[in-house]
Every structure is written in C-alpha cells, then in structure tokens.
Amino acid sequence: MMPDSAGSGSGPLPSGVVSKVAAGTVAEVTARFRRLLEAKGVTVFAVIDQAGAARTAGLDLRDTVLVIFGNPAAGTPAMAAAPLAALDLPLKLLIWDDAGTTRIAYYSPESIAERHRLDPETAAALAAIHPLADALTAP
C-alpha cells in the first residue's frame, strides 16, 4: 500500500516511489532490515547514517538512514542490458523518522524496469525488494 505522501508535509510521492510505515524506531528497523538481508544472502554495500553525517557539518536532520544493498546475480543482468540502470542499482531503502513514525521508502522495481526498458525476466529479479520491505511493516 502506497500512501499519497511521504510525511512531514512533503506532499505527494515522486513517481515510482513506494513508502510504508515500519514498526519500530529507525535504529530497530535498520537492524532488522540488515538481519533480514543477511539471512537471505543479500549483500549490504553501505549503511549511511545521514543524520550522523549532518551532525558532522553542524546541522540537524531527523533520524535518517540509507541502506544500499543488492544481489549481483540479480543486478548484473539489468546493468548488462541497460548500463544506465547502474544509476538505480544496487537497490536502496531509505528509513527515517517522521515525527515519531518510522517510514521506509524505495524506488519500485517496476519503475526501475520501465525507466531502463528492462525485459520482464530481467526486471523480475529486482522485485525481491517488495517482500523485504513488507517484512519491516510487521511488529
């Protein structure tokens, strides 16, 4: 289910973005997502604490974490078919605090496939993000 806004008064979601409410704090959701990825054998390329980076510049930002992850067996065929798909891959999941509610957001694999004109078989390999994200919405 995709709400019509990303929270915090930011208005409608950009095309192709999926956003959901996740159970737990940003730290809890991030840890749960990392465990889930590890259990599925998915590579975590980076976890970026964007709020922490803001603090190093003397700025405040709500608790915000970006997880960059993927499976080379799924992403490589997409990048081989459409080199610019590497702008969207590996996949990314944003986790942030929206006034006490933890939200997650990601580009839908369908929008990535459409943007890069991937064939259905290649695009299907990217669809694993949906059940991974769904697992974060349960307590």
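The values are calculated or read from the model by the stated rules, or taken from the named source; none is laboratory data. Since we're looking at a predicted model, the values are computed, not measured. Backbone-built Cβ (ideal geometry, glycine too); neighbour counts: all protein chains shown. Surface areas here come from the heavy atoms of the whole protein model, side chains and all, with no ligands, DNA or RNA. Shrake-Rupley method; radii C 1.70, N 1.55, O 1.52, S 1.80 Å.
Summary of computed values
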item: Charge context of D98, other residues only, Cβ under 12 angstrom, K/R +1, D/E -1; result: +1
item: Principal axes of segment 1-125: Cα extent on each, largest first, Å; result: 41, 31, 29
item: From the C-alpha gyration tensor of segment 54-97, square roots of 5λ in Å; result: 30, 11, 7
item: Accessible area in square angstrom per residue, the chain, 1.4 angstrom probe; result: 55 Å²
item: Length-normalised contact order of segment 1-120 in % [C-alpha pairs under 8 Å, at least 6 apart]; result: 29 percent
item: Share of carbon and sulfur in the accessible heavy-atom surface of segment 11-99 [1.4 Å probe, %]; result: 62 percent
item: Formal net charge of residues neighbouring A82 (Cβ-Cβ distance under 12 Å; K, R +1; D, E -1); result: -1
